[in-house]
Amino acid sequence: MEHRKLRGNGVDIHVAIQGPSDGPVVLLIHGFPTLWYSWRHQIPGLAALGYRAVAPDLRGYGDSDAPSEISSYTCFHLVGDMIAVISALTEDKVFVVGHDWGALIAWYLCLFRPDKVKALVNLSVPFSFGPKDPTVKPIDVLRKFYGDDFYMCRFQEVGEIEAEISEVGVERVVRRILTYRTPRPLILPKDKSFWGPKDETIPLPSWLTEEDVAYYVSKFQEKGYTGGVNYYRNFDRNNELFAPWVGCKIQVPTKFAIGEQDLVYHFPGAREYIHGPKFKEEVPLLEEPVVIEGAAHFVNQEKPQEILQLIVDFISKF
Amino acid sequence: MDLTFAHRFVKVNGINMHFAEKTPSLVADYGAFDGALRPPPVILLLHGFPELWYTWRHQMAALSSLGYRTIAPDLRGYGDTEAPESADAYTSLHVVGDLIGLIDEVVGDREKVFVVGHDWGAIIAWHLCLLRPDRVKALVNMSVVFEPWSLKRKPISVFKSFYGDDYYICRFQEYGEIEAEFAKVGTERVLMELLTYRDPGPILLPKGKSYDDPVSLPSWLTEYDVKYYVSKFEKNGFTGPVNYYRNMDRTWEMMGPFSNAQVKVPVKFIIGDQDLTYHIPGTKKYIHDGRFKSHVPLLDEVVVIKGGGHFIHEERPDEISKHIHDYFLTF
């Protein structure tokens with residue numbers, strides 16, 4: 001595995017790459033709050049099968065640049081970065097695998113540049129989060145539905161969640177989030193009770209080692225969370241700018257999988273959307289959605305072999 | 001020539017949009033096409049600065065009599081279409097969003113349309129084709145070429161380096177500044193200056209420039225035409241239209257996803273050889289040496305109109321209408 005910095009869209013993007021240089025590129029896009037590292041179990045497997053696995057740290061994360069303006073974190077900036085990464089590596093279409101925010105970015109990448117994507121495997125976040133009514137402010141809707149303590153609403157005030165994380169400590173935050181398994185929308189009361197008592201250690205599940213946690217902690221201690229949180233601070237602006245794509249379908253062959261205990265699976269309306277006709281209507285080339293038994297949100301880390309197999313089985317068809 | 005138009009309003013992308021429409025009469029519908037009763041093909045016409053739907057009056061009359069349903073909106077910020085207060089609500093993403101909403105509402109949400117663009121309307125048309133090629137059947141674009149997005153070329157700083165601070169686009173940047181100057185000069189005089197501009201060189205507006213030299217109406221612009229433009233621009237001012245220029249950098253920042261993207265829609269491009277855009281350094285070469293086509297692979301034809309200026313479709317209305325119909329007939 002090699003580590004490189006690619007520049008294309010005005011920022012340096014750190015990527016982990018493994019696999020033959022002429023192998024079909026598989027772009028693996030992480031979410032919040034992880035890193036390229038969340039794909040550590042899939043990268044060697046893909047490389048061994050002749051693919052060129054490429055996992056960036058998204059802008060604002062890890063060893064990639066983190067511009068200071070919040071306005072530099074719209075989906076247009078993020079997809080622009082992915083196009084720059086792709087262009088630096090190949091002129092061909094690529095496979096894309098996304099998780100969480102990475103899945104959202106992948107949906108938009110397919111909307112804007114279907115000419116660049118051979119096939120898509122998306123995890124956790126379905127296309128119900130696609131462009132809708134540009135006159136609606138998503139944060140207002142989220143506040144109304146889930147209250148001001150819903151995590152996305154708590155992320156809006158600049159500096160607020162960063163101060164809380166600082167006080168609680170990055171180590172505790174990393175452990176608490178990666179081990180979160182409650183199948184309900186994530187509420188963060190302002191009394192910081194979500195993080196648990198400071199003297200109570202958070203035990204790690206079998207799929208997460210102390211080394212893994214240490215890696216995440218070191219990177220997030222160095223960078224902070226502002227970059228990643230800034231993505232959420234652009235929800236309203238993104239929605240305004242998505243107007244050209246309202247009603248536009250995803251025209252890329254797609255595989256979707258979600259953990260049975262993923263909090264996203266338990267959002268009101270999520271199951272109806274995923275298993276109902278709407279998902280297939282909006283993504284005509286969607287294969288039957290897969291629900292991973294026993295898995296929660298960080299499914300690519302929790303069920304690494306299963307996810308690797310799912311990816312390979314799908315992309316080998318193209 | 002029948003110059004009566006239907007005027008309609010529709011709510012799209014959060015704004016109230018005005019458009020003029022001219023549809024074929026039943027007789028024309030049967031005559032121009034194969035006689036089968038089908039919905040007429042739609043042409044969406046996009047005006048530039050500082051104009052309105054009205055700039056397309058000749059083409060709408062001619063093309064509707066040939067069997068097309070013609071639709072010409074006032075773009076956001078112009079004429080009888082709403083002009084949002086927020087200065088950063090004038091990126092290409094906003095305007096293309098309006099047009100997708102318009103096509104969805106007025107033609108159908110699965111429908112493709114023909115598009116004709118001029119000046120800013122041409123820029124918007126290029127972006128419409130980049131962002132939603134699935135909604136455009138073919139494009140006739142005028143005056144402004146498609147230039148691929150480049151990270152190194154942030155628009156306003158490029159203009160500044162090339163032409164200096166007095167270049168009109170640079171003078172338009174400071175919010176409120178040019179509006180105050182235009183108000184002093186008077187709407188009619190400003191419009192006359194811009195609509196009759198025939199210098200192949202770049203438009204320079206040094207501060208304290210005098211607007212006292214006599215300006216005479218060209219043959220293609222009547223007192224009535226000027227009165228119509230003045231009435232609309234007097235009502236709403238120049239802020240909306242000038243805001244497009246103030247959002248060029250913002251649009252550029254959002255267009256990273258479209259780096260090295262080609263325009264994948266069939267295109268016919270028309271430009272007057274006296275148009276100031278034809279005389280932008282490098283443009284002639286760009287158009288004719290193959291680079292234009294490399295970015296617009298379906299560029300079927302480039303027409304250079306001898307003696308034609310910037311407002312070519314108003315200067316040579318019949319010629320342009322014929323070019324449009326001859327091209328769209330092939331689809």
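The values are calculated or read from the model by the stated rules, or taken from the named source; none is laboratory data. All figures in this text were calculated on a predicted structure; none of them were measured in a lab. Counting neighbours? That spans all protein chains shown, and the Cβs are built from the backbone with ideal geometry, glycine included. Ligands, DNA and RNA are excluded from the accessible area calculation, which covers all protein heavy atoms including side chains. Shrake-Rupley method; radii C 1.70, N 1.55, O 1.52, S 1.80 Å.
Among the residues of region A:91-107, the ones that are within 12 Å of chain B (Cβ to nearest Cβ) and either open to solvent by 10 Å² or more (accessible area, probe 1.4 Å) or not in a helix (DSSP H, G or I) (or both) come to 1 in all.
Considering region B:97-202, the qualifying helices (runs of 4 or more DSSP H), each wholly inside and each with 2 or more residues that are away from chain A (no Cβ under 12 Å) and open to solvent by 30 Å² or more (accessible area, probe 1.4 Å), run over B:155-163, B:177-185, B:187-195.
Among the residues that make up region A:67-89, is at least one of them surrounded by fewer than 24 Cβ atoms within 10 Å (Cβ to Cβ) and away from chain B (no Cβ under 14 Å)? The answer is yes, given that some residue of region A:67-89 is surrounded by fewer than 24 Cβ atoms within 10 Å (Cβ to Cβ) and away from chain B (no Cβ under 14 Å). Contact annotation: residue pairs with Cβ atoms under 6 Å, 6 or more positions apart or on different chains, pairing a residue in region A:230-258 that is at the interface with another protein chain (Cβ under 8 Å from one of its Cβ atoms) with a partner that is polar (S, T, N, Q) and crowded, with 19+ Cβ neighbours inside 10 Å, are A:243/B:13. Here residue B:206 clears all of (1) modelled with pLDDT of 95 or more; (2) surrounded by fewer than 15 Cβ atoms within 10 Å (Cβ to Cβ) except the condition numbered (1).
Collect the residues in region A:122-165 that are assigned to a loop (DSSP other than H, G, I, E, B), of a type in the set (A, V, I, L, M, F, W, C) and open to solvent by less than 40 Å² (accessible area, probe 1.4 Å), keeping them in residue-number order. Correct list: A:125, A:155. Among the residues of region B:41-96, those identified as more than 14 Å from chain A (Cβ to nearest Cβ) and aromatic (Phe, Trp, Tyr) are B:49, B:53, B:54, B:56, B:68, B:78.
Scanning region A:198-226 for residues that are surrounded by 18 or more Cβ atoms within 10 Å (Cβ to Cβ) and over 19 Å from residue A:14 (Cβ atoms) yields a total of 1. Out of curiosity, is residue A:168 surrounded by fewer than 13 Cβ atoms within 10 Å (Cβ to Cβ) and in contact with a Lys or Arg (Cβ under 9 Å, 6 or more places away or on another chain)? Criteria not met by residue A:168.
Using the structure shown, decide if residue A:278 is under 25 Å from residue A:95 (Cα atoms), more than 14 Å from chain B (Cβ to nearest Cβ), open to solvent by 40 Å² or more (accessible area, probe 1.4 Å) and not hydroxyl-bearing (Ser, Thr, Tyr). Here the answer is yes, as residue A:278 does meet what is asked. Do we find that residue A:229 is assigned to a helix (DSSP H, G or I) and buried (at least 23 other Cβ atoms within 10 Å of the Cβ) in this structure? The answer is yes for residue A:229.
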